[in-house]
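Single-structure report; data block below.
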Amino acid sequence: MRKISFILLGLIICSSLSQAVFDKKVTYPCKTLAPVTFDHGKHLAVKGLACKACHPAIFAKMKAAANKITMADINKGKFCGVCHKGKGKAFAITKETCAKCHVTIEKPKA
């Protein structure tokens, strides 16, 4: 009985930790446009993906914003461009869709 309790406790802890990863948002600074905030939860929930779909094959580094991502790389089909290249996986990155990723968030006035 005690062993089952420990197993259940472990599952609960692992479940809550994985949920924390799914909710994680990573912000990438940008020199010319608003920064990009990548929402893990949105991507994983909408497409039913798992972490291994992108890590480590597409985004090798797991530390927040550690991957040096440029629009040139994305346009070559790297990083975000793996799915956002207009091949039916996700919306294509065009001048018309910039604001879907480069979002300016207004700070509440004090």
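Does residue 64 count as touching a strand residue (DSSP E or B) at 6+ places or on another chain (Cβ under 8 Å) and modelled with pLDDT under 85? Outline the logic, then answer.
Details: touching a strand residue (DSSP E or B) at 6+ places or on another chain (Cβ under 8 Å): yes; modelled with pLDDT under 85: yes.
Yes: the conditions hold for residue 64.
Name every residue in segment 94-110 that is modelled with pLDDT under 90 and either surrounded by 11 or more Cβ atoms within 10 Å (Cβ to Cβ) or under 20 Å from residue 25 (Cβ atoms) (or both), in order of residue number. Show your work before the answer.
First, the residues of segment 94-110 that are modelled with pLDDT under 90: 94-95, 103-110.
The answer is 103, 104, 105, 106, 107, 108.
The values are calculated or read from the model by the stated rules, or taken from the named source; none is laboratory data. Just so we're clear, the structure is a prediction, and the values are computed from it rather than from any experiment. Using ideal geometry, Cβ is built from the backbone for each residue, glycine included, and neighbour counts are taken over all protein chains shown.
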